[in-house]
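Undergrad: Got a structure here, written out as structure tokens. Questions coming.
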Amino acid sequence: MDLSLLLTDVPTLVVVIVGVPAVLGAYILGGEFLVRRLPDRARGSVRPWIWVAPALFFVTAFLVAPAIGTVFTSFQSHGGDWIGLTNYQRQLVDFPNGGAWIAIRNNLYWLVLYTLFVLFFGLLLAVLFDRVPYESVVKSLIFMPMAISAVALGVIWKFMFWYQPADAPQTGTLNAIVVNVFHQAPKTWLTDPNVNNFALIAAAIWGITGFSMVILSAALKGIPADLLEAARVDGAGEITIFRRVIFPLMMPTVVVVGTTLVIFALKAFDIVYVMTAGNFGTDVLANRMYKLLYQADNPGGASAVAIILLLAVIPVLIFNLRQFRAVEARR
Amino acid sequence: MTAEAAARVGVSHTARFSPAWVAERLQGAVLHVAVISLTVAWMVPAAGLLISSFRHFTDINQSGWWTALAPPYNFTLENYVQVLQSSNMGQSLFNSFMITIPATLIPVTIAAFAAYAFAWMKFPGRDWIFLALVGLLAVPLQLSFIPVLKVFVSIGLVVQNWGFVGVWLAHTGYGLPFSIYLLANFFRALPSDLFESAEIDGAGTLTVFFRIVLPLSVPAIASLVIFQFLWIWNDLLVALIYVGGTKSVAPLTVTLANLTNSLGQGYNLLTAAAFISMLVPLIVFLSLQRYFVRGILAGSVKG
């Protein structure tokens, strides 16, 4: 490590930590000072804009305007000429194995398997853990992978999936089980196109299940105890109670978690990038966009892929907005 | 003891050693076995890597990590020493702090101002702008990279000239929709009497914000800070786009990803590197788990 960097960077950090709140605080104080100089009537209409202006600036500059720019770039050649739908055509040519189709297929795998399994495990763990006195400990342990980066998660699972030729001792956990317990030949989990997508999705499921468990567990605890007791008194078995009482009451939460997971699945990037770099038929849209941008120097194609990703997200986005407005209307 | 309480603590009313009593005990045992084995199975991947990181290079290549659980215990710190000396981990750890701290501080402060306005001020278009922010929560960041990069390059706001300023600003833009959403929901839930009585006392907007709203919102702000901190600390994509893999600037995630792709067979260093990268998030998580969970609940269970 270069110590001279400490000498320049640490003061920078201190300046930022002290300076940023100072500048933003001064902005709000100064804004309020000016607002008070205004005539009574104008104050109420000027003040809110002062408070939201920095946020609106950043959101417009880094999300809204660039998103519109990407739409334009997706219709342009590298040189900036208008080429209509050519970029999209190049991405969507040769169904089902050419262009972006492999990535689209894999995103569909992610969408379905990742979402369903994470909901399933989340619900299962929430219900089981609810019944033991050491709930908080086991919950923390399941939840822990949420805190680490997807890169570290990828490293963890690379070791799980490690492959050694059949005559060597298997050092990967899964292949050791395959060889020693099931007496099968070891599998190349990450390069075999029959299993590798599922291997990546399994790793991702492991990382995010804690998220769905925590939310579903909170919803489960929100169910009134007398309701469950009444069902028990009526002689309903635990499984019937789950199917007829618990699950329907948790449905709204399941839907909210599910839509969040769908968005995560569509945006999947880190795990694929770290574990296979999108090779061996495991590409996803986010990784393809990155590769087109940095390895192929093809911003037009990358933009087209980004727009395809946006189109995939739009139904979820609309659903979220409706959900939000419905909640607002009840407020 | 009421039936409800009995059901909760799992105490049975049935006579000892009757068939019903035995069945109930068995059910309880099955439950505990299921819970504990699921949890243990869930920990195997991480435990395997942790144990591997304390094994010798030759051992890692010759036998599985589970063999190290039996004597003779042959653990070592050499992987950690080696990775700190030979690779770029120390510098990267430092870079991660350099990126994460400002990129947490700036959006949270700006979001607090905006959320206050969205929650307690009236202005034309307020509800529509807030709705647009909710919509932006789902929009992939990928959509913004190319135009922002073009502008950064054309005005010279690149790592070589300005260090991490570009990535701080980008993270500010990306973090704001969620931050505003979370804080505005919290601010709105504060009782309106507070504001009315403060106004009657002649307190200005600033006094209400700094003296009443902020102190009452410490838990929400803590949740948000932890969230944003972990999100940026663990981020790979934004760092790859705006910072890149140059040794002097790469954060931990980028360095670890580079190690993963380059080391191939010599993966003993990777085990230690992965745990070094997890150290800070795990400390944050374990010490502040309560706030973290609260943030997750506030951010996703809408309403």
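Just so it is clear, none of the values below were taken in a lab; they were calculated from the coordinates. The structure presented is a predicted model; accordingly, all values stated were derived computationally and were not measured. Neighbour counts are summed over all protein chains in view; Cβ atoms, including those assigned to glycine, are modelled from backbone coordinates with ideal geometry.
Undergrad: Determine the equivalent ellipsoid of segment A:204-331 by diagonalising the alpha-carbon gyration tensor, then write out the semi-axes as square roots of 5 times the eigenvalues, largest first, rounded to whole Å.
TA: Semi-axes from the Cα gyration tensor: 41, 19, 10 Å.
Undergrad: Under Stokes-Einstein, with the Kirkwood radius over Cα pairs standing in for Rh, what whole-number D in µm²/s applies to the protein assembly as shown at 4 °C and 1.567 mPa s?
TA: Answer from the Stokes-Einstein relation: 48 µm²/s.
Undergrad: Hey, what D do you get for segment B:82-300 in µm²/s if you plug the Kirkwood alpha-carbon radius into Stokes-Einstein at 10 °C and 1.306 mPa s?
TA: 82 µm²/s
Undergrad: In µm²/s, what is D for segment B:175-229 at 20 °C and 1.002 mPa s, where D = kT/(6 pi eta Rh) by Stokes-Einstein and Rh is the Kirkwood radius from Cα pairs?
TA: Calculated translational D: 178 µm²/s.
Undergrad: Taking all pairs of distinct Cα atoms, average 1/r, flip it, and tell me the Kirkwood hydrodynamic radius of segment B:172-303 in Å to one decimal place.
TA: On the way: mean 1/r = 0.0565 Å⁻¹.
Here the Kirkwood hydrodynamic radius works out to 17.7 Å.
Undergrad: Further question: Farthest toward the dipole's positive end in the protein assembly as shown, which of A:Met289, B:Ala198, A:Asn279, given Cβ charges of +1 (Lys, Arg) and -1 (Asp, Glu) about the Cα centre?
TA: Final value for the positive-end residue is B:Ala198.
Undergrad: Report, in debye and to the nearest 20, how large the dipole of segment B:169-274 comes out about its Cα centre when Lys and Arg carry +1 and Asp and Glu carry -1 on their Cβ. Spell out each step's value before the answer.
TA: On the way: 3 positive and 5 negative charges, 101 e Å.
Rounded to the nearest 20 debye, it is 480 debye.
Undergrad: If you add up the charges near B:Thr205, with Lys and Arg at +1 and Asp and Glu at -1, over every other residue whose beta carbon is less than 12 angstrom from its beta carbon, what do you get?
TA: +2
Undergrad: Moving to a separate point now. What is the Cα convex hull volume of segment A:94-330 when expressed per residue in Å³?
TA: Expressed per residue, the convex hull around the Cα atoms of segment A:94-330 is 175 Å³.
Undergrad: Most fluctuating residue of A:Ser140, A:Ser212, A:Ser74 in a GNM of chain A with Cα springs under 10 Å: which is it?
TA: In this elastic network of chain A, the residue with the biggest mean-square fluctuation among A:Ser140, A:Ser212, A:Ser74 is A:Ser140.
Undergrad: Can you tell which of B:Ser262, B:Ala274, B:Tyr181 lies farthest toward the positive end of the dipole of chain B, using +1 and -1 charges on the Cβ of basic and acidic side chains (Lys, Arg; Asp, Glu)?
TA: So the residue we want is B:Ser262.
Undergrad: Another question, if that's okay. How would you rank A:36-45, A:175-184, A:216-225, highest first, on the average number of other Cβ atoms within 10 Å across their residues?
TA: A:216-225, A:175-184, A:36-45
Undergrad: How big is the charge dipole of chain A about its Cα centre, in debye rounded to the nearest 20, if each Lys and Arg gets +1 on its Cβ and each Asp and Glu gets -1 on its Cβ?
TA: Values: 22 positive and 18 negative charges, 206 e Å.
For chain A, the charge dipole is close to 1000 debye.
Undergrad: Report, ordered by chain and residue number, the lysines lying within cross-link reach of A:Lys139, taken as a straight Cα distance under 30 Å and ignoring same-chain residues fewer than 8 apart.
TA: A:Lys158, A:Lys221, A:Lys267, B:Lys302
Undergrad: Another question about this same structure. Dividing the alpha-carbon radius of gyration of segment B:7-136 by 2.2 N^0.38 Å (N being the number of residues), what value is obtained? If you can, show how the numbers build up before the last one.
TA: Values: Rg = 27.7 Å, N = 130, 2.2 N^0.38 = 14.0 Å.
Relative to the rule-of-thumb radius for its length, segment B:7-136 sits at 1.98.
Undergrad: Where the only charges are on Cβ atoms (+1 Lys, Arg; -1 Asp, Glu), what is the dipole of segment A:3-73 about its Cα centre, to the nearest 20 debye?
TA: 400 debye
Undergrad: Next question. Once amide H atoms are built 1.01 Å from N in the peptide plane, which residues 5 or more positions from B:Arg55, or in another chain, come under 5 Å H to H?
TA: Sorted by chain and number, the residues that satisfy this are B:Thr76.
Undergrad: At a 10 Å Cβ-Cβ cut-off, how would you order B:Leu240, B:Leu149, fewest neighbours first?
TA: B:Leu149, B:Leu240
Undergrad: Have a look at A:Ala147, A:Ala126, A:Ala306 and tell me which one the Gaussian network model of chain A (Cα, springs below 10 Å) gives the largest fluctuation.
TA: In this elastic network of chain A, the residue with the biggest mean-square fluctuation among A:Ala147, A:Ala126, A:Ala306 is A:Ala147.
Undergrad: Take A:Val23 and B:Val151, extend 7 Å from each Cα along the Cα→Cβ direction, and tell me the distance between the two endpoints in nm.
TA: Result: 1.6 nm between the two label points.
Undergrad: What's the Cα-based Rg to Rh of segment A:3-73, Rh via Kirkwood?
TA: 1.19
Undergrad: Same structure, new question: Quick one: net charge around B:Asn268, please, counting Lys, Arg +1 and Asp, Glu -1 for every other residue with C-beta under 14 Å from its C-beta. Provide the component values of the computation, followed by the final result.
TA: Values: positive: A:Lys158, B:Arg55; negative: B:Asp59, B:Glu78.
Surrounding charge for B:Asn268 is 0.
Undergrad: Taking the Cα atoms of segment A:180-232, what is the range of coordinates along each of the three principal axes, in descending order and whole Å?
TA: 54, 24, 17
Undergrad: Among B:Asn79, B:Asn261, B:Asn234, whose mean-square fluctuation peaks in a Gaussian network model of chain B (Cα, cutoff 10 Å)?
TA: Highest fluctuation among the options: B:Asn261.
Undergrad: Using only Cα atoms, what Kirkwood radius does segment B:204-259 have, in angstroms? Let's see the in-between values first.
TA: Working: mean 1/r = 0.0731 Å⁻¹.
When all Cα pairs of segment B:204-259 are included, the Kirkwood radius is 13.7 Å.
Undergrad: Same structure again: Using the Cβ atoms and a cut-off under 13 Å, what net charge is assigned to the surroundings of A:Val305, where Lys and Arg are +1 and Asp and Glu are -1?
TA: +3
Undergrad: Turning to a different aspect of this structure: Mind checking the mean number of beta-carbon atoms from other chains within 10 Å of the Cβ atoms in B:107-113?
TA: What the average comes to for B:107-113 is 6.
Undergrad: What average number of partner chain Cβ atoms lie no more than 10 Å from the Cβ of the residues making up A:155-164? Provide the component values of the computation, followed by the final result.
TA: On the way: counts 13, 12, 3, 5, 12, 5, 1, 5, 0, 3.
Mean shielding count: 6.
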